[in-house]
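Below is one structure, written out as structure tokens; the observations come after it.
Here, each number is a calculation from the coordinates, and none is a lab measurement. Computed from a predicted structure; not experimentally measured. Methodologically, a virtual Cβ is constructed for each residue, glycine included, from the backbone with ideal geometry; neighbour enumeration extends over all protein chains shown.
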Amino acid sequence: MHATPHAVSPPAPAASPRGGSRADIASWQRELARAIRDPAELCRVLGLDSALAAKAPPGFPLLVPRGFVARMEHGTPHDPLLRQVLPIADEAVERPGFTADPLHEATALAAPGLVQKYAGRALVLVSGACAVHCRYCFRREFPYADHGATLAGTEAAVEAIAADATLTEVILSGGDPLMADDARLAGLVQRLDAIPHLRRLRIHTRLPIVLPERVTDGLVATLAASRLSAVVVVHANHPAELDDRVAEALRRLAAAPALLFNQAVLLAGVNDAFEPLQSLSQRLVEIGVVPYYLHLLDRVRGAGHFEVSEARAHELHRQLRDALPGYAVPRLAREQPGEPAKVWLA
Ligand SMILES: *Cc1c(COP(=O)(O)O)cnc(C)c1O
Ligand code: SF4
């Protein structure tokens, strides 16, 4: 949740011969092409009964890179990483209050491909695709193709940003903006660099976590060359997501330089206990990432089984505050349509 995003169609990244080195492209795009899309195969790889999986809705199939699967525990049906990606029967349960567009994104478009809800910063929908389909994602129902997550949409977004001198920060989002290849990102960042009122470039992405190969030399060079201050907000929910290859990729991003933050979503059966939340914060700090937000779930249709009550969220947050240094405690937040900012609950 790069304010939690996602895509309508399975990603088919166009390989470009120009972005970054050939080896870089081959590596992350090849990994993505090999990602697991078949629930029965995922169960087989993990030594689990394929009856665990349910049929996914056609617009939001299973998608998970093999490197992320390798961080799951073999033979463990309740693995917290598996639960984030495996479609299960609970998704079909209708629950009151869980809707297709809980954040009213469809009405917050300032221009095609540009979402502005908050003062001074606007979000560009760079790509509708993701490298992983997180079952709790609020955008599992969001019709990206209709909202400018395309090349033409990005052009319109850049023009709208150039015309609005109140904006100081651009947030590249999606879907996952790092699904765009290095050449396209370099071109976009160059155009943003030329807009005098902009000061910061923020990227909301889960790719460095689920596919650390994506942190290419070309991407780091683009951030390094920009006159804008770079801020990268990644998305990890459980400490087991943060293996050594992820840590290494994040170090390369930090060296660009970029400030690194993490946002997590509080998810039943994934991280709704003190122990995983505490070790997530500790691990993040160890690898140079500041825990930024702990989000309450957005109430999107199909994700009701991930909900954690607000009372329980407050209790967990209090436990974190009692156990950790202040800088390692994420803000407990929820997005409320119509509010001038995310609502900080604690
Ligand atoms: C979450 C979000 C932001 C960023 O909010 P911060 O509190 O600055 O992290 C900006 N725009 C939109 C539309 C968002 O959903
Ligand atoms: S990476 Fe996951 S949470 Fe982020 S936009 Fe894609 S599906 Fe949603």
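Here are the numbers for the structure shown:
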item	result
For the range 270-285, Karplus couplings with θ = phi - 60° (6.51, -1.76, 1.60), whole Hz, Gly/Pro x	10, 9, 8, 8, 4, 4, x, 5, 5, 6, 4, 4, 5, 5, 4, 4
Built amide H within the under 5 Å cut-off of residue 331, gap 5+	293, 294
Ranked by how many other beta carbons lie within 10 Å on average, peptides 49-56, 295-302 from highest	295-302, 49-56
5 angstrom amide H check on residue 114, placed H, neighbours 5+ away	125
Spin-label model distance (nm) - residue 290 vs residue 119, 7 Å beyond Cα toward Cβ	2.1
Environment charge at residue 85 (Cβ cut-off 13 Å; Lys +1, Arg +1, Asp -1, Glu -1)	+2
Cβ-based exposure ranking for 137, 43, in which fewest neighbours within 10 Å come first	43, 137
Extension gain from residue 341 to residue 310, taking 0.36 nm per residue of separation minus the Cα-Cα distance	9.3 nm
Förster-model FRET efficiency, 30 Å R0, residue 217 and residue 331, C-beta, rounded to 0.05	0.35
Share, in percent, of DSSP beta bridges within the chain that are antiparallel, nearest 5	20
CD proxy at 222 nm, helix term only [per DSSP H run n ≥ 4: -39500 (n - 2.57); per residue of the chain; nearest 500]	-8500 deg cm²/dmol
Debye equation applied to the C-alpha atoms of the chain, log10 I(q)/I(0) at 0.13 Å⁻¹	-0.99
Likely footprinting exposure, 179, 72, fewest C-beta neighbours within 10 Å first	72, 179
Additional length obtainable on full extension of the chain from residue 99 to residue 163, 0.36 nm per residue less Cα span	19.6 nm
Label-to-label distance, nm, for residues given as residue 54 and residue 74 (7 Å Cα→Cβ offset)	3.0
Whole-Hz ³J(HN,Hα) from phi, Karplus 6.51 cos²θ - 1.76 cosθ + 1.60, for the range 322-336, glycine and proline x	6, 9, 10, x, x, 6, 9, 9, x, 6, 7, 9, 9, 9, 10
Proxy reagent accessibility, fewest Cβ within 10 Å first, across 274, 138, 60	274, 60, 138
Relative packing of peptides 325-332, 29-36 - highest average C-beta neighbours within 10 Å first	29-36, 325-332
Amide proton proximity set for residue 36, modelled H, under 5 Å, gap of 5+	64, 66
